[in-house]
Amino acid sequence: MTAYFVIELDVEDGPSLAEYEREVTEHVVAAGGRFLVRGNDYRPIEGDWHPKRLIVIEFPDLDAVERYYHSEPNQTLKRKRLAGTAGKPARAIAIQGVAQSATTGGASSGGPREIGVDANGAVIWGA
């Protein structure tokens, strides 16, 4: 099941960030990932969360996120990133997505309905 790697960074813009992004993009794509969100052009909707930079990467599953994160290329890039943030670490999580069948309700069926609960206690919606 699709999983997402969500990262909040406090990185300054500049030539080193552009080089880091180029290198990390190559490694993410090689590991089967796809960037969905990358930047700081957002609108706060609720609460007091103001990330400096937010990244969301889609991977085939949670294991793929962990393999990518712990890979030697990523650990090398992590050291470069930490050097550019005065050692300030990222805040990151891996989270499993919702099964495709749970998101395919539609108007012809009267809209989505609750069809169960997943192993983590989240409600699953479907047709």
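Descriptive notes on the structure:
- Cβ pairs under 9 Å, 6+ apart, first in region 53-79 and assigned to a strand (DSSP E or B), second open to solvent by 10 Å² or more (accessible area, probe 1.4 Å) and among the polar types (S, T, N, Q): ARG53/ASN40; LEU54/ASN40; GLU58/THR2; PHE59/THR2
- Some residue of region 3-23 being in a loop (DSSP other than H, G, I, E, B) and under 13 Å from ALA94 (Cβ atoms): no
- Counting the residues of region 27-45 that are of a type outside the set (Val, Ile, Thr), open to solvent by 50 Å² or more (accessible area, probe 1.4 Å) and in contact with a strand residue (DSSP E or B) (Cβ under 6 Å, 6 or more places away or on another chain) gives 5.
- Residue list for region 70-115, filter: open to solvent by less than 50 Å² (accessible area, probe 1.4 Å), modelled with pLDDT under 75 and not hydroxyl-bearing (Ser, Thr, Tyr): GLY84, ALA102, GLY105, GLY106, GLY111
- Of residues in region 46-69 being among the acidic types (Asp, Glu) and loosely packed, with under 15 Cβ neighbours inside 10 Å, the one nearest to VAL24 (Cα to Cα): GLU66
- A Cβ distance below 8 Å, combined with a sequence gap of six or more or placement on separate chains, defines the contacts here; from region 18-32, residues that are under 11 Å from ASN74 (Cα atoms) and of a type in the set (S, T, N, Q) reach residues that are open to solvent by less than 60 Å² (accessible area, probe 1.4 Å) and outside any helix (DSSP H, G or I) in the pairs THR25/PHE35.
The values are calculated or read from the model by the stated rules, or taken from the named source; none is laboratory data. Everything quoted here is computed from the prediction, not taken from an experiment. Methodologically, a virtual Cβ is constructed for each residue, glycine included, from the backbone with ideal geometry; neighbour enumeration extends over all protein chains shown. Note: accessible area is taken over every heavy atom of the protein model, side chains too, but ligands, DNA and RNA are not part of it. Shrake-Rupley method; radii C 1.70, N 1.55, O 1.52, S 1.80 Å.
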